[in-house]
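First comes the structure, then the notes that go with it.
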Amino acid sequence: MNEHASKVLDNYLDTENMPVPHAILIEGKWGSGKTYFLQNVYEPARKKRLNNDRLHHVPFLFISLFGATSASDVELRIYKSACPAEAIAGSIAGTIALGIGEFFQVKETAKGALDKLGKKAIRRLNDFVFVFDDLERVENDAFGEIMGLINSLVAEHGRRVILVTDEEKLKALVGGQRWKEQNEKFVGRRAHIEADFESVIRVSIDRLPNGEAKTLLRENVERLLHIARISKVENLRNLNWAIHNAAAFAECLANDPDIPKAHIVRTILVVAATTLWLRSELIDLGTLKNLRRITLAQAVRAVNKPSDNEPVDPKVEKAKEFSTTFASISVEKPPVSYDFVRSFEETGVLDNAEVILWTKSQFGFGETHREASWRRLWHSSERKIIETEQALAELRKELIDRKYTANGSILHAAGLAIRQNLMGDQTLTNGEDVVSFFKRYIDDLAEDGRLESSNFNRIYGVPDSDSGLGYISRETSEFREIVDYIKEVSGRLSDRKLEARVDAILRDAESGHPEALFQLIQSHDSELSARPVLLHVPVDRLVKFMAQDMPALSAGARLLAYRYHKVRAGDALFAEIDWARNVYTAISVKLDEWKEPFRSMALHSLRDVIQYYEGDKSPDELIVPREAAAEAG
């Protein structure tokens, strides 16, 4: 690909005497790989060819014009690109002007700096082909001046110059007529660059360290190329990142001998496809995480033949398009969690141990991990009949033995039982009604203390959901009834555990550690700090504690002040406001038992700290009534 551009460049650079001094224009869309082509494809190939012919290769000097504001700015960029060591040393520090009219002779004002740098460094500028990149990104006001500088290189000094730009954007920046005038003045030849997926993929892989991951990617270049071509993504920078991400996951999984090569290859392809779409903003993480559920909903919608006027959720359309585009690699059933892909995209950090553990536990790789029977049942359409029969028998026994205790696994099994029941097969529930069977299942676990305790609002937030895997029956009344029941029982268990935690905190405070109360206001523990867990605490208990002495009173007062200072009507903690008022009223009365002046000091301290944090709350949100606050003043 881009052989025409190579021929144009060869003809330009191999000609010893140009009949008319001119520059070459390399143009193409942003992200199409113009600079990549010159740096990683064309120049290395040219250098190799000339070396084989024992000819001298004049190296390319790349100068970005991004944000360039003047000709002197560009001169300085030329020097820094050619002489990075001197630039880093700080000797130039923005003081040198490279006087293009004198062909890089330093102006008088810079003679002192020139002595430091040495004339050899300046002469080094004679040994390059100048490549001016990002021409469309110069400052508009400086365009004419910078083009004059480049023209001087071409016309006055006969230098080889390559201009790199997105011509459409350049015309939008400076105007079509203005660019036409400059173009006609000294651009003699031009070449258009198309996105060269194969070169980017091969070069990216060649740069990887030797190992199993590099070998796997090399063996699957054609499949990666197919993914790139069908992705509808033209930006080669995103493709470069896609290969980088895929290589990271391949290296991670290849370190574990239990994970099959075929699974690693599929991971490479899915990570590459996902990265391309995420970086191009063609899909978001929320859509990816619910991909299977969304596409199933779309299928149901198609069967029901909705009205053409019925609006379609954009996320549904994106999910459908993603699934359709990459149907060959089954992105609806990913070999790796999309959470890992997005996290790696955001941080560049991959927790190898976590990725390997997830993969082995989800797909049953290795002696210590075996794929759950309910998961094998879900994929029964892709398995042999005998394997499905074995999975059914295993799941039936596991349900009888009450093996599954996590909410997610129970709901997966319930969804499958409902599906089997709709097909006339009641094997999983031993002929019993599905809802009755699973309610009894949940009750048995709760009675034994084995049911997962959790307060969840969405069934897709429960563990092992794997983007909704197993929830195909979610729209049935049976599934909803089981969900409501497990939420009720599991939530009740969670509440009991929280009550026990609160009780332990209070006992710790009562035993002489008042600061223990501050565990109830720590924002990182939202279960304690953001849920109304104090409603079951008797008001008298907290009042008795606070009335012990000043340290306990101070701790209790700060608990009331800090816990509710941001609480407004409608918040979860607003349910505790009346309880907090009762505590304040009761402790205020209890303090009458203290002798003066300690009673007055304590009462003022209690009121002041709460009042300070209540700020401008409305009266129905206050703990200390405003009249009481006024009296305290």
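The values are calculated or read from the model by the stated rules, or taken from the named source; none is laboratory data. All values reported here derive from a predicted model rather than from experimental measurement. All Cβ positions, glycine included, derive from the backbone under ideal geometry; neighbour counts span all protein chains shown. All accessible areas refer to the heavy atoms of the entire protein, side chains included, with ligands and DNA or RNA removed. Shrake-Rupley method; radii C 1.70, N 1.55, O 1.52, S 1.80 Å.
Of note:
- Subset of segment 29-58 (residues that are at negative phi, of a type outside the set (A, V, I, L, M, F, W, C), touching an Asp or Glu at 6+ places or on another chain (Cβ under 7 Å) and not in a helix (DSSP H, G or I)): LYS29, SER32
- Some residue of segment 9-26 being within 43 Å of the chain's Cα centre (by Cα), open to solvent by less than 50 Å² (accessible area, probe 1.4 Å) and under 23 Å from SER204 (Cα atoms): yes
- Some residue of segment 190-198 being of a type in the set (A, V, I, L, M, F, W, C), closer than 21 Å to LEU13 by Cβ and outside any helix (DSSP H, G or I): yes
- If only residues of segment 265-285 that are in a helix (DSSP H, G or I), open to solvent by 10 Å² or more (accessible area, probe 1.4 Å) and of a type in the set (A, V, I, L, M) are counted, the one that is modelled with the highest pLDDT is VAL265.
- Within segment 567-625, the set of residues being loosely packed, with under 15 Cβ neighbours inside 10 Å, free of Cβ contacts under 8 Å to residues at least 24 places away in the same chain and of a type in the set (Ser, Thr, Tyr) comprises just one member, SER600.
- Filtered by the rule that a residue be without any contact (Cβ under 8 Å) to a residue 60 or more places away in the chain, open to solvent by less than 20 Å² (accessible area, probe 1.4 Å) and over 10 Å from ALA272 (Cα atoms), segment 229-248 gives a lone residue, VAL233.
- Of the helices (runs of 4 or more DSSP H) contained entirely in segment 363-467, those carrying at least 2 residues that are open to solvent by less than 40 Å² (accessible area, probe 1.4 Å) and modelled with pLDDT of 80 or more fall at 385-400, 407-422, 434-448.
- HIS226 passes every criterion in (1) part of a loop (DSSP other than H, G, I, E, B); (2) surrounded by fewer than 21 Cβ atoms within 10 Å (Cβ to Cβ) apart from (1).
- Candidates ARG160, ARG190: the one that is out of contact with any Lys or Arg (no Cβ under 6 Å at 6 or more places or on another chain) and surrounded by 20 or more Cβ atoms within 10 Å (Cβ to Cβ) is ARG160.
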